[in-house]
Amino acid sequence: MSTNARTIREQVQVPLQCPKLTETNYTSWSIMVETVLKAYGLWDSVDPGGNVEAKKNHTTKAIIFQTLPEDILLQVSKHEDAKDVWESIRVRYLGADRVQKARLQTLRSELEMLKMKENETINDFSGKISGIMAKFKSLGSSLEEEVVVRKLLNSAPKKYLPIIASIEQYSEIETMSFEEAVGRLKAYEERLKSHDERYEEQGQQGQLLLTNDEHDDRQYGRGTGRGRGFGRGERGRGRGSGRGDKSGLRCYDCGAFGHFANECTKWKDKENEANLIEEEEPALI
């Protein structure tokens, strides 16, 4: 036996599990059970085009029965054909045709009112649309691909306008699949996320540099508006016994201790000396 044949045989022998039917999961239950029956080649027992073998019919019923709660099982066990069992369950959960049409109209309204929130991801929003599509299918109807694609594009927030405009301009929306539209928006979303992360990182680095500069300004007196020479004298703080004690402060204009540079009077003494010399020069002449 070839490797491929052995692999296929092993896959076929893997038991496929069906979910239990509840009051709220009929749509997902019907999709899963239908898929399992098709995988086992038994779906024609539910939707037959001719006579169905007795063994295949009973196998199909057995698969369906094991997914039903006890009360539903007792109600549908009277049916001989798997097709009647399936139809009985469908009518119970979906109702007659009139009720079914009303539910379809409700789903259309739900789809029409659906809008994507600003902080919602493409995955989450497209999942909501896919859920409505699945409900349409369970009711025996379907949504056209173009309808859901346009719904996706028209419901996206403003930040997606560039990619939406590109899709509408360069792509054929009439033939685009829903999955392709979701994929393009997701790629753009990832690009936006990457850009925002880089911008945030640069902002944090800039804030860190600003914080360091502010620390230096406070330490050395730059930009504090405290007057000329304050920063120079501040470096000597700590030598005195307290805030009012300037004995440990050194003036960087005259080199003496006991005052700040902006309090230094040495320049006033020099100015007075210069004025005195000017006054005496005419007398000497």
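The values are calculated or read from the model by the stated rules, or taken from the named source; none is laboratory data. Predicted, not measured: the structure shown is a model, and the values here were computed from it. Neighbour counts are summed over all protein chains in view; Cβ atoms, including those assigned to glycine, are modelled from backbone coordinates with ideal geometry. With ligands, DNA and RNA removed, areas are computed over all heavy atoms of the protein, side chains included. Shrake-Rupley method; radii C 1.70, N 1.55, O 1.52, S 1.80 Å.
The table that follows gives values for the structure above.
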item: Estimated FRET transfer efficiency when R0 is 25 angstrom, pair GLU70-TYR40 (beta carbons, to 0.05); result: 0.55
item: Solvent exposure, largest accessible area first (probe 1.4 Å, DNA, RNA and ligands not counted), of TRP86, TRP43, TRP29; result: TRP43, TRP86, TRP29
item: Kirkwood Rh and Cα Rg combined as Rg over Rh, evaluated for segment 115-186; result: 0.97
item: Separation in nanometres of the label points that stand 7 Å from Cα toward Cβ, at ASN262 and ALA102; result: 8.4 nm
item: Positive-end extreme of charge dipole, segment 33-188 - chosen from SER177, THR35, ASN154 (charges on Cβ); result: ASN154
item: With DNA, RNA and ligands ignored, accessible area of GLU197 (1.4 Å probe; Å², nearest 10); result: 100 Å²
item: Solvent-accessible surface ranking, highest first, for PHE136, PHE65 at 1.4 angstrom; result: PHE65, PHE136
item: Gained length - HIS195 relative to THR175, 0.36 nm times residue gap less alpha-carbon distance; result: 4.1 nm
